[in-house]
Amino acid sequence: MLEKEIFSRHAQPGKRIAVVGTSGSGKTTMARRLAARLGVPHIELDELHWGPNWTEERDDVFRERVDIRLRGDGWTTDGNYTAVRDIVWARADTVVWLDYSLPLILWRLTRRTFSRAVLNEEIWHGNKESLRTHFFTKDSLYLWVFQTYKKRRREYPVLFARPEYTHLTKIRLRSVGEAQRWLESVRRDAQ
């Protein structure tokens, strides 16, 4: 299937929107802004996945939390979790893919990491980011970005073309400017 048949850059979203993209691309910010614009809740998948002390919830617990939170008529989510993709995408009516360049993602990740570390910002459940973790351990988000960036760019077009996801409006945004223009075009009364 041709890309133009899969993606739209001008479509209006519904009210159940999954925002996906590489770590650091701005998924949470986009999902939060969309939620505010549409008047629906924002559900951060990371918050449902991570427990205190950066412990990962078991998949069955994570899936149950996501199932419960996505029962409403309208919401936005952000995240790339394979363990709950079937739940999220089956209930979504729109997927927004932030497909930005690797240098931009690395810049955004660096800015976010330093800001959170310097301000000692709590993210969820008492968890905080540390520079040591991101630069000197196997749990580094930078390492994760390098491991997943190309994979996601290959994987998403294939996933979007699958029959079980034909119901989704698929929006691929390739630059911050394009994303901002699209967000500004979203009608507050979107169906």
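Points to keep in mind about this one:
- Of all lysines in the structure, the ones whose alpha carbon falls short of 21 Å from that of LYS128, not counting any fewer than 8 places away in one chain, are LYS27, LYS138.
- Cα-projected label distance for ARG58 with ASP93, points at 7 Å along beta-carbon direction, nm: 3.6
- Accessible surface, the chain, averaged per residue in Å² (probe 1.4 Å): 54
- Mean-position separation - Cα centroids, region 18-62 and region 112-131, in angstrom: 16
- What the phi angles of region 67-79 give under the Karplus curve with 6.51, -1.76 and 1.60, with θ = phi - 60°, is a coupling list of 4, 5, 5, 9, 7, x, 6, x, 5, 10, 10, 9, x Hz, glycine and proline written as x.
- Maximal additional length on extending the ARG153-LEU104 stretch stands at 16.1 nm, based on 0.36 nm per residue less the C-alpha distance.
- Sulfur and carbon atoms: percent of accessible area, region 1-132 [1.4 Å]: 50
- Of all beta bridges that DSSP places with both ends in the chain, some 10 percent have antiparallel geometry.
- Computed on protein heavy atoms with a 1.4 Å probe, the accessible areas place ASP46, ASP60 in the order ASP60, ASP46, largest first.
- Qualifying aspartates and glutamates (Cα of each under 18 Å from Cα of LYS170; at least 8 residues distant if same chain): GLU3, GLU5, ASP78, ASP86, ASP93, ASP99, GLU155, GLU178, GLU184
The values are calculated or read from the model by the stated rules, or taken from the named source; none is laboratory data. Owing to the predicted nature of the structure, the values given are computational and were not obtained by experimental measurement. Virtual Cβ from ideal backbone geometry, glycine too; neighbours counted across all protein chains shown. To get the accessible areas, we keep the full protein, side chains included, count just its heavy atoms, and leave off ligands, DNA and RNA. Shrake-Rupley method; radii C 1.70, N 1.55, O 1.52, S 1.80 Å.
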